[in-house]
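The values are calculated or read from the model by the stated rules, or taken from the named source; none is laboratory data. Everything numeric here is computed off the predicted structure, so don't read it as measured data. When we count neighbours, we look across all protein chains shown, and the Cβ atoms used for this are built from the backbone with ideal geometry, even at glycine. Note: accessible area is taken over every heavy atom of the protein model, side chains too, but ligands, DNA and RNA are not part of it. Shrake-Rupley method; radii C 1.70, N 1.55, O 1.52, S 1.80 Å.
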Amino acid sequence: FVSPEWYMANAPFPTVETDLALTVANEIPALVPRFVALPIANVSISPSPLWLQSQLNRLGVRPINNIVDITNYYMVLTGQPLHAYDYDKVKALSGGREAQLIVRKPKAGETIEMLNGKIITPHPDAMMVAAGETLACVGGMIGGANTEVDEHTKNIILEAATWDMFSIRRTSMHHGIFTDAVTRFSKGQSPLQNSAVAAKAALEIKKLTGALIGEAVDDNHVAEDARARASLHAPITTTSDYINVRLGTQLTAEEMAVTLNNVEIAVETHGDQLIITPPFWRTDLEIPEDIVEEIGRLRGYDQLPHELPTRSTHAVPLQPLEDLKNQIRDILAAAGANELQTYSFVPKKLLEDVGQNAEHAFAIRNALSPELQHYRMSLTPGLLDKVHANIKAGYKEFALFEVNKIHIKGKDFEECDGLPREFQTIAFVFASDHPLPGAAYYYAKKYLDYLLAELGVPSDVRPADVEPVFEIGRQIFAPFEPKRAGFVYVGKGEPANFAGFVGEYRGQVAKRLKLPKTVAGFEIDLERLLQHRMKGTYRPILRFPSTDQDVCFKVTADKTYGEVRALVAAALAGNPELRVTIAPLDIYQRSDDQAHKQITFRITLQHAERTLTTDEVNDLLDAVVEHVAATIGAERV
């Protein structure tokens, strides 16, 4: 492949033949690194020659007139979109003394009528071209009707600019503008080709219309070293071995150099080393991997050897966190719960409905829909959002859970490289549309206790009497009612590790999401569970019979079931041969004694080596009663 002689970096502009005055001001050089404007006088607007119309029709472009057709032809030929303004209309909008083009962002309230007849208020980050104080073009996308070239046009301004491809994409999606120029600019164009394309198109216009070419304005912010070497990126250094390993080929450095030289990529070889300088029109060659792809493409992917890379047959080690997730799924599914996979993105309204602050959630810039605007800060809102729909579908009592990732915005929640930190949690919701005995809290806690017991994680639930310290905790706790919820701690000894929340939900949350009367749940940090999960050990089925005894304690009303149970368990601990099960049987408060309550336990005792005698059982229970009485002043009933 050989480029035409006129297509070169830093191409000279044509000789100046007219004194049409033109100035250009670029207020956003970071987004528009180069803006070339060429005034042309004495043009005559007419249909294009047959050869030009024929070429455009073959390329799928509709012929319009000789000026517009030339800009379209060279856009297709070089990939560089061009735009023609009516010089006299620009001059009039600029105040009448000289034509002035200003590249800038739109001001608040500004509008523009585009060539397709639509009027828009440009996106605040759009790149615009103004004639004086009036918008005249949506930069890199479509021209304005107020500077359109028509049959009365006598003088024009030919523009060849480079526009930021990311800004072009955002503005295009925002306004629904999908022109040929957008297609090309959104893929990135080289600013080193602007002068060559503008000069060639201007000479073609002169040839067709007898026009006179004025002095070009070249607002050029391309780096000096890139201009000097006529290549956007610094030379790429790699080796033939690096490329051969990735392609599976056996090419020499000289063969690679020939392949690249065939498409105007300059190569210096030093043994097996290659120093590669892409041509000015290639924006996609920047790192060694790009050269691997280029050589593979040019040689033909069908010519590469069809051999799979060598792989080990060793089993992949199981990741502890993934193992924990699978174990949780098995435990809760066996307990009758149903796993859901909800969207990672949630509507802002859902966050507000559950009391979360959307400012701490990552907003999705290019959301799939208006309903998926923010990244979730916890799993609970997504589960609560599904409760009413399932009840409406006829499921009157069910348990839902999800094991997944959450994120929250803030420097305290970033990894060392600045990326958002992922939190892994398990969320659970129990719901019933018909009355159940007892508070909803205890149904959720029953599932939680069962899950943690099966995982071998020691746990404790304490009153939610303080606000969570970290923002992630505040956002997860937002849906819960503090007076009917608790903090979950895991691990043995002190200080125990805070792991999450369990409880019922605020009345406002229940009202907004149409939750039933009986609904409660929990959300727990998986990393905490992983730290305190105990490895399972084999325990044989005991051959000797067990014995059950019920023990009732009268305690003050401020003592919780958990406190009393912990004391009972502590009194029975210490004998590895004795297997103990403690189950709640009853919690009762007499109407004539509000200062006390009675808690009844069913204690099951079983020895590994023999059958327990009545005296041994009585001695064990007496020790339990003495320990509880001595610690909290409980009375056996």
message: Out of Gly486, Gly507, Gly521, Gly503, I need the residue that is farther than 25 Å from Lys411 by Cβ and open to solvent by 50 Å² or more (accessible area, probe 1.4 Å). Which one?
response: Gly507
task: State all residues of region 55-88 that are touching a helix residue (DSSP H, G or I) at 6+ places or on another chain (Cβ under 7 Å) and hydroxyl-bearing (Ser, Thr, Tyr); if no residue qualifies, say none.
output: Thr71, Tyr73, Tyr74, Thr78, Tyr85
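Residue by residue, here is whether (1) of a type in the set (Asp, Glu); (2) open to solvent by less than 40 Å² (accessible area, probe 1.4 Å) holds:
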site	(1), (2)
Val316	no, no
Leu321	no, yes
Lys325	no, yes
Asp330	yes, no
Ala337	no, yes
Leu340	no, no
Phe345	no, no
Glu359	yes, no
message: What are the pairs with Cβ atoms under 6 angstrom where one residue, in region 13-35, is closer than 10 Å to Trp163 by Cα and the other, located anywhere, is of a type in the set (D, E, K, R)? Sequence gap at least six, or different chains.
response: Leu31/Asp164; Phe35/Asp219
task: Go through the residues of region 19-29 one by one and say whether even a single one is of a type outside the set (D, E, K, R) and more than 46 Å from the chain's Cα centre (by Cα).
output: yes
query: Do we find that Glu307 is modelled with pLDDT of 95 or more and either basic (Lys, Arg) or open to solvent by 80 Å² or more (accessible area, probe 1.4 Å) (or both) in this structure?
result: no
Top-ranked residue in region 499-544 [being among the basic types (Lys, Arg) and touching a residue at least 60 places away in the same chain (Cβ under 8 Å); ranked as nearest to Phe398 (Cα to Cα)]: Lys517
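A quick yes/no check of all residues on (1) over 37 Å from the mean Cα position of the chain (by Cα); (2) open to solvent by 20 Å² or more (accessible area, probe 1.4 Å); (3) farther than 21 Å from Arg297 by Cβ:
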position: Ser190; (1), (2), (3): no, no, no
position: Lys200; (1), (2), (3): yes, yes, yes
position: His221; (1), (2), (3): no, yes, yes
position: Thr252; (1), (2), (3): yes, yes, no
query: For region 153-194, how many residues meet the condition of being assigned to a helix (DSSP H, G or I) and among the aliphatic types (A, V, I, L, M)?
result: 6
message: Looking only at residues that are of a type in the set (Gly, Ala, Ser) and surrounded by 20 or more Cβ atoms within 10 Å (Cβ to Cβ) in region 99-126, which one is farthest from Thr147 (Cα to Cα)?
response: Ala126
- prompt: Inside region 490-500, can you point out the residues that are surrounded by fewer than 21 Cβ atoms within 10 Å (Cβ to Cβ) and either under 31 Å from the mean Cα position of the chain (by Cα) or polar (S, T, N, Q) (or both)?
  reply: Asn497, Phe498
- prompt: Considering region 77-94 alone, what residues qualify as being touching a residue at least 60 places away in the same chain (Cβ under 8 Å) and either within 18 Å of Ile205 (Cα to Cα) or surrounded by fewer than 21 Cβ atoms within 10 Å (Cβ to Cβ) (or both)?
  reply: Thr78, Gly79, Gln80, Pro81, Leu82, His83, Ala84, Tyr85, Asp86, Tyr87, Asp88
- prompt: Going through region 157-190 one residue at a time, which ones are touching a residue at least 40 places away in the same chain (Cβ under 8 Å), hydroxyl-bearing (Ser, Thr, Tyr) and in contact with a strand residue (DSSP E or B) (Cβ under 6 Å, 6 or more places away or on another chain)?
  reply: Thr162
field: Selection within region 223-249 - among the aliphatic types (A, V, I, L, M) and either within 20 Å of Ala11 (Cβ to Cβ) or open to solvent by less than 30 Å² (accessible area, probe 1.4 Å) (or both)
entry: Ala223, Ala226, Ala228, Ala230, Leu232, Ile236, Ile243, Leu247
message: Suppose the filter is surrounded by fewer than 17 Cβ atoms within 10 Å (Cβ to Cβ), within 20 Å of Phe477 (Cα to Cα) and of a type outside the set (D, E, K, R); does Gly410 pass it?
response: yes
task: Find all pairs meeting these conditions: Cβ atoms under 8 angstrom apart; at least six residues apart or on different chains; first residue within region 435-462 and more than 21 Å from Glu402 (Cα to Cα); second residue of a type in the set (Phe, Trp, Tyr) and part of a helix (DSSP H, G or I).
output: Leu436/Tyr443
Any pair with Cβ under 7 angstrom, 6 or more apart, that starts in region 280-297 at a residue that is over 22 Å from Gly79 (Cβ atoms) and ends at one that is surrounded by fewer than 17 Cβ atoms within 10 Å (Cβ to Cβ) and at pLDDT below 95: Val292/Arg246; Gly296/Leu304
